[in-house]
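Colleague: Encoded as structure tokens, here's the structure I'll be asking about.
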Amino acid sequence: MNIQIHNFIEQYPNTLIVPVEKGSNYEKTIQQIATLSGIEASRLTNDFTAKAKEVHIFYTQNEGVSPKICLLGLGEKPAFAEVLRIFRSFAFRYKSKLPKDIGIYLLNNAHASNTIENWVDGAVNGLLLGLYDIGLYKTKEKTTCALQGQDAQLDIFVDGQAFTKAQMAVENGRATAETQARILDLVNAPHNKMTASMLANWAMKSGKTYGFETTVLGGAEIELLGMGAMLAVNRGSEEAPAFIIMEYKGGNSDSPRVGLVGKGITYDTGGLSIKTRNMHYMKSDMGGAAAVLGTMELTAKLQLPIHLIGIVPATDNCVDAKSIKPGDVVSSFSGKTIEIIDTDAEGRLVLADGVAYMNKVFRPDIMIDLATLTGSVVQALGYEAGGLFTNNNDLSAQLQAAGDDSGERLWQLPLWKSYFSDMQSDIADIKNYSGKPTSGAITAAKFIEFFTNEHPAWAHLDIAGVAFGGSEFAKDKSGTAYGVRLLTTFLKKVSIA
Ligand code: BES
Ligand code: ZN
Ligand code: ZN
């Protein structure tokens, strides 16, 4: 799709989309559309109040003006995330009806309660992502819509002074949407279509295309390095493990060095502590890895001035005679020993080796791990926010701000010392499960913290509730690409701090 910014309307597109927010700007925008279309303003205000997601479509016969006009309600004071969500849902619902040339009308302060960058970025990101099709494995030929064609054209009309900012926002919105769609494919793919080595291949290919280095360690190297925790999870698997290391060197030698570690469990049966319900959702247990892969790709694509390292320890967690058994003691890359109480607490095992390796080999200024780690965080925060764990107040504030700005929210939970006592083992250095039905997300975070070597700027994000959920794309749960926008928003801020 060709996207162009204009600061006046030379030629009207076939369909003109007019986002309208409730409140002070409503009447002004309606008045402009009334003048342009020749339809009385009172008729428009009767039928359209600009409620969030409200759509009012009408035809005009005014010479030279778009024959079809879509008023799109944004509700009151829409934040960036609202604009994105509403455009995404609009594109998804109306994609079959949209022609190959459309326009978005943002002239004359129609964008009153938000910045023009946010309006354009949200609209482009939302519109493009709304064209996503989840039916990856359907045999019936896909019905593509006109907007997906090579010759599709999107014209965005903004005020003159906003021109340059709007152009940059288009690039950000488009680049983000394209990577998010690729990440949705990764998370929506079932295990037989997305094993650890397939994830590694994805990373290699993405690195080649967008400009970051990828190294993949296989089983023998993982063993040689002494990553006993990672190997313990892989013991019950038919598939080889992959320890994926990615490095993007943007900026200069002063640019901050950020390390991201993502839980890459391509399928979680629970192991011998087997899951009894909703196991099919566990194809999404690589949601943390997907966030890291997507952030690597998008950071390289946008050429952000930052040194970014991504690590994904990838394997499935399966059942076999060779599987680790509750009660076993395993070693780890850090040298610390772990008593396995529950084989379903496997994510923290692969992360233990992931964060220890990241810390030792790359010494990042900031280290963040992301994981679909516990049902407990879903109990606490539901599907509204990821759980944030850190002892660094600045990092906490920066991550929460990025969460609010991107709409991929975070909420902090405590990491007090006293929680650690639940993780003490009688026979090893630590155990992988407290055995208690309380504060499971926190004790999991305490477990990972034990392997960070007291890194002063480490944060753990438990994204079990937000990586996979309800969306317009599917009847059941599906991927959300949570983390990609959150982390790139965060990285843009720290790179200039
Ligand atoms: N992958 C799960 C966590 C999960 C639960 C993700 C729901 C997405 C939705 C994780 O490996 C797990 O099984 N956690 C256990 C830990 C327990 C055994 C200590 C849990 O949360 O029940
Ligand atoms: Zn598990
Ligand atoms: Zn898991």
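Readers should treat all values here as calculations from the given coordinates under stated rules, not as data from a laboratory. None of these values were measured; they are calculated from a predicted model. As a convention, Cβ positions derive from the backbone with ideal geometry for all residues, glycine included, and neighbour counts pool all protein chains shown.
Colleague: Charges on Cβ only, +1 for Lys and Arg, -1 for Asp and Glu, centred on the Cα centroid of the chain; of M358, A166, Y94, which one is farthest towards the dipole's positive end?
Modeller: Projecting each Cα onto the dipole axis, the largest value belongs to Y94.
Colleague: Further, regarding this structure: I want to check the label-to-label distance for A79 and T143. Put each point 7 Å from Cα in the C-beta direction and report it in nm to one decimal.
Modeller: 3.6
Colleague: Quick one: which residues, 5+ away or cross-chain, put their amide H under 5 Å from the amide H of Q412? H built at 1.01 Å from N.
Modeller: Amide H neighbours of Q412: L388.
Colleague: Of the beta bridges DSSP finds with both residues in the chain, what % are antiparallel, to the nearest 5?
Modeller: If we restrict to bridges inside the chain, about 40 percent are antiparallel.
Colleague: Could you work out how far the C-alpha centroid of region 240-279 sits from that of region 429-487, in angstrom?
Modeller: That distance is 11 Å.
Colleague: In nm, give the distance between the simple-model label positions of N393 and E223, each being 7 Å from the Cα along the Cα-to-Cβ direction.
Modeller: So the label points at N393 and E223 sit 4.9 nm apart.
Colleague: Here is a further query. Amide H to amide H, which residues 5 or more places from A240 or on other chains are under 5 Å from it, using H placed in the peptide plane?
Modeller: Result for A240 returns nothing.
Colleague: Please compare each pair in K28/K68; K322/K475; K193/K301 to a cut-off of 29 Å on the Cα-Cα distance and tell me which ones are over it.
Modeller: With Cα atoms farther than 29 Å apart: K322/K475.
Colleague: Subtracting the Cα-Cα distance from 0.36 nm times the residue separation, let me have the gained length for K336 to Q4 in nm, one decimal.
Modeller: Roughly 113.9 nm would be gained on extension.
Colleague: Let me ask you something else. Label-point separation (nm) for K165 and H56, each offset 7 Å from Cα along Cα-to-Cβ?
Modeller: The answer from the label model is 2.8 nm.
Colleague: Let me ask something else. With charges set only on the Cβ (+1 for Lys and Arg, -1 for Asp and Glu), what does the dipole of region 393-497 come to about its Cα centre, in debye to the nearest 20?
Modeller: With Lys and Arg at +1 and Asp and Glu at -1, about 160 debye.
Colleague: Give the Rg/Rh ratio for the chain, taking Rg as the radius of gyration of the Cα atoms and Rh as the Kirkwood radius, to two decimals.
Modeller: Rg/Rh: 1.02.
Colleague: Ok, one more. Under unit Cβ charges (Lys, Arg +1; Asp, Glu -1), what dipole magnitude, rounded to 20 debye, does the chain have relative to its Cα centre?
Modeller: Roughly 620 debye, rounded to the nearest 20.
Colleague: Per DSSP helix of 4 or more residues, -39500 (n - 2.57); summed, then divided by the residues of the chain. What does that give at 222 nm, rounded to the nearest 500?
Modeller: Calculated mean residue ellipticity at 222 nm is -11000 deg cm²/dmol.
Colleague: So how much slack lies between D254 and E384, counting 0.36 nm per residue of separation and subtracting their Cα-Cα distance, in nm?
Modeller: Full extension from D254 to E384 adds 43.2 nm.
Colleague: Using R₀ = 51 Å, calculate the FRET efficiency as 1/(1 + (r/R₀)^6) where r is the Cβ-Cβ separation of T49 and D151; round to 0.05.
Modeller: 0.90
Colleague: Set Lys and Arg Cβ to +1 and Asp and Glu Cβ to -1, take the dipole of the chain about its Cα centre, and tell me which of Y59, T266, L373 lies farthest positive.
Modeller: Going by the charge dipole, the pick is Y59.
Colleague: Grab the Cα-Cα distance for N108 and T35, subtract it from 0.36 nm times how many residues apart they are, and report the gain in nm with one decimal.
Modeller: 24.9 nm
Colleague: Can you compute the FRET efficiency between E213 and E454 using 1/(1 + (r/R0)^6), with r the Cβ-Cβ distance and R0 = 30 Å? Round to the nearest 0.05.
Modeller: FRET efficiency, E213 to E454: 0.55.
Colleague: Using each residue's phi in region 233-241, evaluate 6.51 cos²θ - 1.76 cosθ + 1.60 at θ = phi - 60° and report the 3J(HN,Hα) Karplus result to the nearest Hz, with x for Gly and Pro.
Modeller: Once rounded to whole Hz, the list reads 5, 6, 4, x, 9, 7, 9, 5, x.
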